[in-house]
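See structure below.
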Amino acid sequence: MELALEILPQVLLDGIVLGFMYALIALGYTMVYGVLEFINFAHSEIFVLGAFVGVEVLLLLQSAGYLAILHPLIILLLVIVASMVISGFAAMALERVAYRPLLGGPRLVALISAIGASFFLQDGLRLFESLWRNTFYLNYPSLEFLDQTVPLAANLVIPVKSILVIVTALMTLAGLYVFVNRTKLGMAIRAVAQDPDTASLMGVPVNQVIALTFFVGGALGGLAGVLFGIHYSLVNPYTGFIPGMKAFTAAVLGGIGNIPGAMVGGMMLGLLEAFAASYLSLMTDGAFGAEYKDVVAFLVLILILIFRTKGLLGEKVRESKA
Amino acid sequence: MNSKLATLGLCAYIAVSCLVAFFFPQSVLAFLSVEASLLLLYYVAAPRRVKIFLGALVLVVLLPVLGSVNGYYLEVAIQIGIYVALALGLNIVVGFVGLLNLGFVAFYAIDAYLWAIFGSPQANAFIPGGLFPLSPNWFFVFLLLSIVIGALTGALLGLPVLRLRGDYLAIVTLGFAEVVRALVNNLDKPVNLTNGPRGISPISKPPLFFQPLLEFFGLHVTEAKLYPLYFYFLILVLVCTIILVTRRLENSRIGRAWKAIREDEIAAAAMGVPVVRMKLLGFAVGASFASAVGVLFAAKQVFINPESFTFMESIGVLAMVILGGMGSIPGAILGATGVTILNLQLLKGMSLWLNGLRQSGAELTIPLLGSYSLSQLPAQFEPAKYERMVFGLILILMMIFRPQGVLPPTRERKQ
């Protein structure tokens with residue numbers, strides 16, 4: 001029991017960091033689901049792309065000798081902006097090539113196409129990195145600034161990396177909230193999510209709004225990718241699958257199409273996973289350990305869907321027309 | 001007259017391609033043309049009896065003979081058989097009932113492990129008495145048992161999740177498959193059920209009950225030669241049974257109910273189709289096919305570990321069903337065959353060919369751009385390693401240009 005209390009702050013911190021990452025990725029799923037009603041299966045690859053852009057920018061800066069000269073915050077800003085922009089455009093391109101030709105058809109067709117796009121991007125990234133760097137397992141170069149820790153209490157040491165994740169994610173989520181609720185473009189996105197036909201009659205350019213949604217979702221995924229890379233250091237083209245699945249779980253947990261729901265769901269899933277990872281072995285005397293955290297996450301998804309089919313905060317998708 | 005000509009032509013084609021494959025056992029193209037003869041058989045306008053006879057001739061006589069010349073052919077044929085059976089099972093769930101199942105491989109995994117655990121010394125780890133491995137004769141008992149267990153697991157998963165809408169169902173089935181894989185991967189403690197990531201081996205093979213018969217006829221075949229043939233015929237029988245069952249189901253009351261649910265669930269319910277029960281039945285039937293193949297797979301591989309049951313496998317089978325044509329039996333067969341050949345033969349063949357080019361160091365002269373030595377071709381560029389990329393591209397292109405698949409079901413084709 002004492003041990004359980006002692007590690008509690010650390011577990012909470014881990015859960016919050018993980019939760020913010022899931023929330024950022026989940027937003028990409030949920031926003032796209034809101035406007036198009038389909039699972040953008042390739043979103044996990046957009047997330048990985050963000051991580052790879054991040055590591056590439058850092059490696060390029062390193063080889064040019066700027067990594068030691070520039071202020072760490074400028075470096076971080078550069079990395080984050082680069083990966084958000086590239087991931088955003090990649091998501092837009094994906095929509096244009098693989099999804100738009102299929103609009104209006106059965107949803108299964110678009111989902112299969114998304115799965116195809118996901119596979120294509122995984123191996124495409126692998127091919128590119130193999131040709132370019134001779135390996136597709138890349139390590140983030142360490143930044144001294146990020147390796148520091150801030151001791152907060154006797155049993156809680158906060159690494160700067162975690163602070164970075166929390167601060168960036170909070171700022172982005174606040175920005176997204178303002179964007180979606182207070183700007184004209186945000187209103188357009190909400191209008192298309194509610195009813196694309198009526199929105200189009202009101203003069204909303206539906207296709208452009210969908211592209212914009214993909215851009216925003218992709219940029220958030222790219223940001224999550226960079227933060228993931230910085231936090232866990234190692235990336236490869238196939239790392240996206242599990243976080244992507246979890247993030248989708250988070251989006252469903254909160255109620256798909258529902259933007260605050262994705263944030264809540266992500267945070268819940270992150271905390272749940274951190275608790276499972278740390279307390280499962282304590283609770284079962286070591287019989288079941290941290291390796292069951294994925295099982296717990298998916299079981300929770302299945303249970304939630306059985307008992308609350310529309311997620312915790314309810315879906316926000318249009319009523320399907322009969 | 002016309003059909004007789006076509007039949008003659010086909011016979012000639014089969015004879016020539018088999019002869020070529022017999023005398024050039026290393027040629028991938030020769031074997032591909034033998035495989036293509038079955039596809040031609042499907043298209044040719046010949047009487048049904050002739051078609052069945054020729055098909056049986058190729059599958060029962062010619063392929064095994066070729067397979068004893070080059071063992072790899074039999075291996076490919078067995079793999080194709082396994083995937084055809086899986087694709088036919090998934091075809092029922094996705095194609096007939098219209099439920100997207102992204103975790104189909106879970107059923108396959110459960111029963112592969114069932115035989116693996118009891119057909120190897122693995123079970124001794126948790127059942128005392130040193131009873132295991134069970135004698136090979138139990139294989140057939142487990143084959144039958146797996147059908148029941150598969151149907152039960154299918155129904156058990158289906159029961160809670162079938163109320164969910166399409167996309168949610170897809171994700172839940174995916175989650176289920178990941179849970180199964182994680183369990184298989186981690187249940188080496190506290191009790192060593194599955195031996196974890198190290199996998200289980202050696203798994204017993206099915207009994208050679210007919211060996212005395214062969215001896216009686218004076219045929220002395222070594223076990224190493226006999227087993228591939230044995231597995232080939234086992235999988236052939238299994239696939240034929242599955243095709244027969246699926247065909248009977250498709251045109252029955254149940255099959256029509258499934259299709260009604262696929263087209264419009266509400267209308268089907270209004271017409272008195274017991275929607276939930278029919279969906280459950282679809283789940284159970286599909287799962288039982290996969291389970292039976294799982295047992296066979298475990299016995300054939302001798303060694304299995306969780307790596308064989310990844311998400312990639314589920315998607316691979318789904319791609320086979322979709323590429324071939326959802327809801328169509330010939331489509332599922334063609335899709336499974338095509339994708340397996342692509343993976344096992346075409347991509348590998350291309351890799352070998354590129355390697356050959358690289359080693360030959362030939363110069364490639366492109367006008368205006370100068371010459372380029374092929375030995376500089378990057379070594380990372382190996383098609384066999386990028387099957388997902390090829391796969392992904394095929395999936396996207398198919399969805400854009402021919403979403404109904406190569407061989408869509410006939411009734412839809414007429415419309």
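The value obtained for region B:277-325, namely the Cα convex hull volume divided by the number of residues, is 95 Å³ per residue. If I take all pairs of Cα atoms in the protein assembly as shown, what percentage of them are more than 45 Å from each other? Considering the protein assembly as shown, 28 percent of its Cα-Cα pairs are separated by more than 45 Å.
Comparing mean-square fluctuations of A:ALA224, A:ALA297, A:ALA153 from a GNM of chain A with C-alpha springs under 10 Å, the top value falls on A:ALA153. Note on B:TYR42 and A:VAL160: with the Förster distance fixed at 56 Å, the Cβ-Cβ geometry gives a FRET efficiency of about 0.30. Computed with every protein chain present, the accessible area of B:THR340 is close to 0 Å² [probe 1.4 Å].
Note on B:LYS279: lysines with a C-alpha under 28 Å away, same-chain residues under 8 apart excluded, are A:LYS246, A:LYS310, A:LYS316, A:LYS321, B:LYS259, B:LYS414. The accessible-area ordering, largest first, of the residues A:MET263, B:MET271 stands as B:MET271, A:MET263, per a 1.4 angstrom probe. Pop a pseudo-label 7 angstrom from the Cα along the beta-carbon direction at both B:HIS220 and B:LYS51 and give the gap in nm to one decimal. So the label points at B:HIS220 and B:LYS51 sit 4.6 nm apart.
In this simple spin-label model, placing a label point 7 Å from the Cα along the Cα-to-Cβ direction at both B:LEU208 and A:LEU170 gives a separation of 7.2 nm.
If you take the Cα centroid of region B:62-127 and the Cα centroid of region A:204-235, the two points sit 39 Å apart.
Taken over region A:213-303, the ratio of Cα radius of gyration to 2.2 N^0.38 Å equals 1.18. Using C-alpha pairs below 8 Å separated by at least 6 residues, the relative contact order for chain B is 24 percent. Averaging over all projection directions, the Cα-based convex hull of region A:191-242 occupies 4.7 nm² in the image plane. Principal semi-axes of the equivalent ellipsoid, √(5λ) from the alpha carbon gyration tensor of chain A, are 31, 26, 19 Å from largest down. Computed from the C-beta positions of A:ILE74 and B:ILE127 and an R0 of 60 Å, the FRET efficiency is 0.40 to the nearest 0.05. When B:ASP167, B:ASP188 are compared by accessible area of protein heavy atoms, the largest-first order is B:ASP188, B:ASP167, using a 1.4 Å probe.
Remark on A:LEU312: its backbone amide H falls under 5 Å from those of A:GLY254, A:GLY255, a criterion applied only to residues 5 or more positions apart or on other chains, H modelled at 1.01 Å from N. Per-residue SASA remark: A:HIS231, around 50 Å² accessible (1.4 Å probe; ligands, DNA and RNA not included). Centre-to-centre separation between the Cα atoms of region B:338-354 and those of region B:199-215: 31 Å.
Between A:LEU152 and A:MET202, what FRET efficiency follows from the Cβ-Cβ distance if R0 is 60 Å, with the result rounded to 0.05? Here the calculated transfer efficiency is 0.75. For region B:131-199, the fraction of C-alpha pairs more than 19 angstrom apart is 57%. Take each residue in A:98-106, count the other chain C-beta atoms within 10 Å of its C-beta, and the mean is 3. Amide H to amide H, with H built 1.01 Å from N, B:GLY325 comes under 5 Å of B:VAL406, B:LEU407, counting only residues 5 or more places away or on other chains. Heavy-atom accessible area buried between chains B and A is around 4200 Å² (1.4 Å probe, both sides summed).
Note on chain B: dipole from Cβ charges, positive end direction compared against B:LEU86, B:ALA125, B:PHE22; the farthest Cα belongs to B:LEU86.
Its relative contact order, with pairs defined as Cα atoms under 8 Å and 6+ residues apart, puts chain A at 36 percent. For B:ILE304, the amide hydrogen comes within under 5 Å of the amide hydrogens of B:ILE200, counting only partners 5 or more places away or on other chains and with H modelled in the peptide plane.
Would you please state the base-10 log of I(q)/I(0) at q = 0.15, 0.16 1/Å for region B:73-317, with intensities from the Debye formula using one equal scatterer on every alpha carbon? For region B:73-317, the Cα-only Debye profile gives -1.02, -1.13. Springs join every pair of Cα atoms under 10 Å in this Gaussian network model of chain B, and among B:PHE297, B:PHE53, B:PHE22 the largest mean-square fluctuation is at B:PHE53. Contact order for region B:73-317, expressed relative to its length and based on alpha carbon pairs under 8 Å spaced 6+ residues apart, stands at 44 percent.
The alpha carbon centroids of region A:40-61 and region A:1-27 are separated by 24 Å. Quick check for you: which residues of region A:134-167 have the amide N under 17 Å from the point 7 Å beyond the Cα of A:ALA64 toward its beta carbon? It comes to A:141, nothing else.
Accessible surface of A:ASP285, taken over heavy atoms with a 1.4 Å probe and every protein chain present, rounds to 140 Å².
Rounded to whole numbers, the Karplus 3J(HN,Hα) couplings from phi for region B:287-298 are 5, 5, 4, 4, 5, 4, 5, x, 4, 5, 4, 4 Hz, using 6.51 cos²θ - 1.76 cosθ + 1.60 with θ = phi - 60°, and x at Gly and Pro. Between B:TYR72 and A:VAL81, the distance separating the two model label sites (each 7 Å from Cα on the Cα→Cβ line) works out to 5.4 nm.
Along its three principal directions, the equivalent ellipsoid of region B:1-69 from the Cα gyration tensor extends over semi-axes of 22, 12, 9 Å, largest first. When the GluC sites (Glu not before Pro) in region A:229-322 are filtered for DSSP coil states and for at most 16 other beta-carbon atoms within 10 Å of their beta-carbon, the remaining sites are A:GLU319. As a size descriptor, the averaged projected area of the C-alpha convex hull of chain B was calculated at 26.3 nm².
The values are calculated or read from the model by the stated rules, or taken from the named source; none is laboratory data. As the structure is a computational prediction, the values presented were derived from the model and not from experiment. Glycine gets a Cβ as well: all are built from the backbone with ideal geometry, and neighbour counts include every protein chain shown. Just so you know, the surface numbers come from the protein's heavy atoms only, side chains and all, with ligands and any DNA or RNA stripped out. Shrake-Rupley method; radii C 1.70, N 1.55, O 1.52, S 1.80 Å.
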